[in-house]
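Values in this text are rule-based calculations from the coordinates and carry no lab data. These numbers come from a predicted model, not from an experiment. Note that each Cβ is placed from the backbone with ideal geometry, even for glycine, and that neighbours are counted across all protein chains shown.
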Amino acid sequence: MMEHLKKDLVIVGGGPAGLAAAIAAWEDGIRNLVVLEREHQAGGILRQCIHNGFGLHRFGEELTGPEYAQRDIDRAKELGIPIQCDTTVLEVTEERQVTCVSEQEGLQIIDAGAVILSMGCRERPRGALGTPGTRCSGVFTAGTAQKFVNLEGYMPGKRVVILGSGDIGLIMARRMTLQGAKVLACVELMPFSSGLNRNIVQCLEDYNIPLYLSHTVTKIEGRDRLTGIEVSEVGPDRRPIPGTQMHFDCDTLLLSVGLLPENELTRGANVTISPVTSGAEVEDTLQTDRPGIFACGNVLHVHDLVDFVSEESFRAGHAAAAFVRGNLPKAETVRVSDGEGVRGVVPQKIRKGISEEVRLMFRPAQVFKKASAVVECNGREIARKRAMIFTPGEMAVVPLKADVVAGLDGDVTVRMEVGS
Amino acid sequence: MLEERIITCINCPMGCRMNVQLEDGAVKSVTGNTCKRGETYAHQECTMPVRMVTAVVAVKDSPMPLSVKTRTPIPKAKIFECMKELSRVTVSRPVHEKDVVLENVCGTGVDVIATRNLL
Amino acid sequence: MTDLIIIGAGVVGCAVAREMSRYNLEIRVLERGHDVAEGASKANSGIVHAGYDAVPGTLKAKLNVEGAKMYPEMCRELGVPYRKNGALVLAFSEDDRGTLQKLLQQGIDNGVEELRIIEKEELRSLEPNVSEDAVCALLVPTSGITSPYEMAFALADHAAVNGVAFEMNTKVEHMAWDGDHWVLETNRGRTEARMVINCAGFDSARLHDEISSRKLHITHRRGQYYILDHPDVLPFDRTMFQCPTRMGKGILVAPTVHGNVLLGPTAEDLDDGLDTETTQEGLDAILKACRLTWPKVSVRTAVTNFSGIRAHEAGGDFVIGPVEGAGKAWEAAGLESPGLSAAPAVGKMLAEMVAASEHLEKKAEFRAPIPRPRPFNEMTREEQKAAIEKDPKMGVVICRCEVVTEAEIRAAIRRPVGATSVDGVKRRTRAGMGRCQGGFCSPRVVEILSEELGKPMTEIQKGSEGSWLLCGTISEAMGGQEA
């Protein structure tokens, strides 16, 4: 029998989500907790996001990724929150037994009063796209390239094409250009970019990098190192249109084709995963369907703003603290579902009989202009949010006021409505 | 001299395509914007475009670089010159967040500062 | 002068090298690729075939059955994954049933045990995910799966422990008999040997034809594959074949020894032996054919797609033995499927031939292989704890998808024939084989390779020479000073 450690709360992942959750739980009086972080330093992916634009909502100023992360790290240090770095969690069980390994501590098994899952997300690699061609070097995910450039100080190539116009792809287009590489094009499968307009202007247009919408990479060439790629236009079915091929001579292809919550540990804990968000199904408390296991940040659903990650994770930390103290009784819930034009509403369940504000977050399935997100309960409208535009690239948030939540008497649906 | 420029507003996801009429470098009219913020942005962008520059600089005796930023935005036209100056900078430990890494980059009056600790 | 040069470090060349290392000889293996198993051995189905589908009386039939029987013990000895998972050949029509009857009879003639034809009901009880359209199947309980390149690595390591030298990135351009020895012209200069064994895979015919009047006709047949991420529950426990065609054993759906699911291969004859690219048509064809076996197939969880080349000899059989009309030269050519299954038997057969012909003496001591430690990922918690106590770097997980540790990666680089590239590390340890495809771990792997090999990061290759990953430091890229 191996000796088990006992902790009131174990937080898996020391990125912005895990740090915020830990701070919230500590502020609620939970002292016997630990943050397990696999990298050498806390901060998560923000460490390599050296560009600015983080924190406008939370701090009212624009910070770079490392600066944003440092604020939470400093706060955690000030409070005395233990962050165990260089530690990989191998398993979390349904019974909240956490197994982790590290060079310093060896293999540890921790029996946790509550667990917060905050492992973040990973990038979709080439294999997931099924792009045919050779398996030469020179095809990187944008994040891997970003790590090489910003953290390791190495350039992964000189002539670059970017597939995918999400923000990471756009940011890397500028980053590679500023660092002396030639970025030939940014290629986007969809008829619109999922990146912020600011990034399209300041990362592509500023440097005259063409953006090809409704195009994709149809072939990867090169026996050893990448020597070129073929790009084709795609039809409304997103399949390549024969005869539209263009050729680019390049030594590097960066992929920015989507992020996936990293939920292997979550699955191992028998937590129900939503096929839409690829994250856990949670209640408004961020508790999963396994008691005492919470999820927040990009492991729950991929956010576009770290400010929202922090906000969500503070709530998860407070809820986990309440659970540890026995103040989070099991409650009956109503179901929240995606209606027309809506994808992946989180939370998927709201406790009955509470009177607290609940923020519903989701992604519109397509671009909606002059539209409303409408929340209905038993067919009755209970909330509505109007906007000039809703796009899949930007998470929509619809708050339900405490009195509205208190009055929930059946399942809830969120749908998009154009006009009005 | 009359000039016409098409620019995209960056304030919100609408991304309004705006048509800006300029005369001798001064904005005469802005059309295509949906709200007031677009017009303000068009004025700024067409007369004095500025950008924050974020980058990394070399660290003495370490392959891992240090991330830095201009303390405030600098003229857009100076971006590459700024990068060139930064490529010649090598810092030594320790460096703290907000420490000045390079003063008055490219004569802009703006300092480049560290965005993380390097202890 | 070297006693023996073996050309090619595929699974066959490595099996031959290991068998020959039992004798008192100085042996070198010349490999044109950057690593062991760079040709067909790295990209095939990984099936240890039972031996029912080769024509009775052929070398294919004999060596397949012999080789397959050697696998379990050999894999245990060398620490290579192997699982006797069984196979099913599916019939979708009464015509197909005829084919199964033929395969059954062939199998019996070849000495394959336990074969029988099962009907739909039994088939569906064994493999509930199989298509409703399958009417019956040939059950092949002795079919197995292995990891082909890990087999080659283990054989090479064992040969090296017994004194065999491996020289990578060395392509034999020409060879000629010079009275009493062979002269080989390589891209790295001229070298000599008393004896040569040609195990050059798709290159074997080129070398054979230089020294023999009886020409070989080898076609390069490309097979494309999809590999899917390991599911919680495998869709099939057995290797699921369809009825064979003229071009090969048809498209299969198979579990791998590492718990992934393999779909493929296509069979396309090519002009260019190195053209291992995948094509949209090929990938579409795999999916279409797999749907027949597994209606619910989806490549949504695909980890990657890849292709391999098999060397098909026009005669349809393996060509093994002395090279006709040449001096002290032997060969193993045309080793398409079931080449992997037959490899151990091919090594043994060739070694016995050479030894008998040259009156070779066995060494006093044939050293045992260096044990290949069990992967961290497969250890029990107690074993993991003990392993980290012994070597703390065992507690540093580098590849999170496949749970591969720093200690394992360093060990793979330090093996007798160790990894020299990111792909070399990947195939030896599985670091980067998972769903993120090295996105997270490749920067760390490059760093570790750089440390272990004493080379700058910019000289570390993905695989082949020229497959660089980093072109310089960021300061160099800007024309500034060296960081």
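Figures for the structure shown
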{"quantity": "Rounded if a/c under 1.5, otherwise prolate or oblate - chain A, Cα gyration tensor axes", "calculated": "oblate"}
{"quantity": "Under-5 Å amide H pairs with A:GLU91, H placed in peptide plane, nonlocal only", "calculated": "A:THR99"}
{"quantity": "Links that overshoot a 32 Å alpha carbon limit, given the list A:LYS158/B:LYS78; B:LYS28/B:LYS98; B:LYS78/C:LYS455; C:LYS249/C:LYS362; C:LYS249/C:LYS348", "calculated": "B:LYS28/B:LYS98; B:LYS78/C:LYS455; C:LYS249/C:LYS362"}
{"quantity": "Rg/Rh for chain C, where both radii come from Cα atoms and Rh is the Kirkwood radius", "calculated": "0.97"}
{"quantity": "Geometric extent, Cα atoms of region C:358-474 - Rg, Dmax (angstrom)", "calculated": "16.7, 61"}
{"quantity": "Theoretical gain in end-to-end length, A:GLN41 to A:ASP409 [0.36 nm per residue, Cα-Cα removed]", "calculated": "127.9 nm"}
{"quantity": "Antiparallel content of DSSP bridges confined to chain A, in %, to 5", "calculated": "60 percent"}
{"quantity": "For A:141-153, mean number of other protein chain Cβ atoms within 10 Å", "calculated": "6"}
{"quantity": "Relative packing of peptides A:208-221, C:120-133, A:114-127, A:247-260 - highest average C-beta neighbours within 10 Å first", "calculated": "A:114-127, A:247-260, A:208-221, C:120-133"}
{"quantity": "Cβ neighbours within 10 Å from other chains - mean over B:54-66", "calculated": "6"}
{"quantity": "Antiparallel DSSP beta bridges within the protein assembly as shown, percent to nearest 5", "calculated": "70 percent"}
{"quantity": "Residues listed by number, region A:100-138, amide nitrogen under 19 Å from C:THR301 label point at 7 Å toward C-beta", "calculated": "A:122-130"}
{"quantity": "Mean Cβ neighbour count within 10 Å, used as a protection proxy, ranking A:74-82, B:56-64, A:173-181, C:464-472 highest first", "calculated": "A:173-181, C:464-472, B:56-64, A:74-82"}
{"quantity": "Three-way shape call for region B:2-48 based on the alpha-carbon gyration tensor, with the a/c threshold at 1.5", "calculated": "prolate"}
{"quantity": "For region C:185-240 versus region A:41-61, the gap between their alpha-carbon centres in whole angstrom", "calculated": "51 Å"}
{"quantity": "Using θ = phi - 60° and Karplus 6.51 cos²θ - 1.76 cosθ + 1.60, couplings along region A:350-363 (whole Hz; Gly, Pro as x)", "calculated": "10, 5, 7, x, 9, 10, 9, 5, 10, 9, 8, 10, 6, 10"}
{"quantity": "Long-range HN-HN contacts of A:CYS121 with modeled amide H, under 5 Å", "calculated": "A:GLU262"}
{"quantity": "Virtual paramagnetic centre 7 Å along Cα→Cβ of C:VAL233, amide N under 13 Å, in region C:124-165", "calculated": "C:127-130"}
{"quantity": "Span-like helix ranges in chain A, DSSP H, alpha carbon extent 20 angstrom or more, Kyte mean at least 0.0", "calculated": "A:306-324"}
{"quantity": "Antiparallel DSSP beta bridges within region B:54-114, percent to nearest 5", "calculated": "85 percent"}
{"quantity": "Point-to-point label distance, A:GLU91-C:GLU324, nm (Cα→Cβ direction, 7 Å offset)", "calculated": "5.9 nm"}
{"quantity": "Cα-based shape type of chain B, given that a ≥ b ≥ c are square roots of the gyration tensor eigenvalues and the cut on a/c is 1.5", "calculated": "prolate"}
{"quantity": "R0 of 51 Å, Cβ-Cβ distance B:SER29-C:LEU270: FRET efficiency to nearest 0.05", "calculated": "0.20"}
{"quantity": "For C:224-235, mean number of other protein chain Cβ atoms within 10 Å", "calculated": "1"}
{"quantity": "Per-residue [θ]222 nm for chain A (sum of -39500 (n - 2.57) over DSSP H runs n ≥ 4, rounded to 500)", "calculated": "-5500 deg cm²/dmol"}
{"quantity": "Chain C, helix-only ellipticity at 222 nm - DSSP H runs n ≥ 4, -39,500 (n - 2.57), divided by all residues, nearest 500", "calculated": "-10000 deg cm²/dmol"}
{"quantity": "Mean Cβ neighbour count within 10 Å, used as a protection proxy, ranking A:405-412, C:158-165, C:424-431 highest first", "calculated": "C:424-431, C:158-165, A:405-412"}
{"quantity": "Base-10 log of normalised Debye intensity for region A:125-257 (one unit scatterer per alpha-carbon) at q = 0.18 Å⁻¹", "calculated": "-0.93"}
{"quantity": "A:LEU56-C:GLU77 pseudo-label distance in nm [points 7 Å out on the Cα-to-Cβ vector]", "calculated": "6.8 nm"}
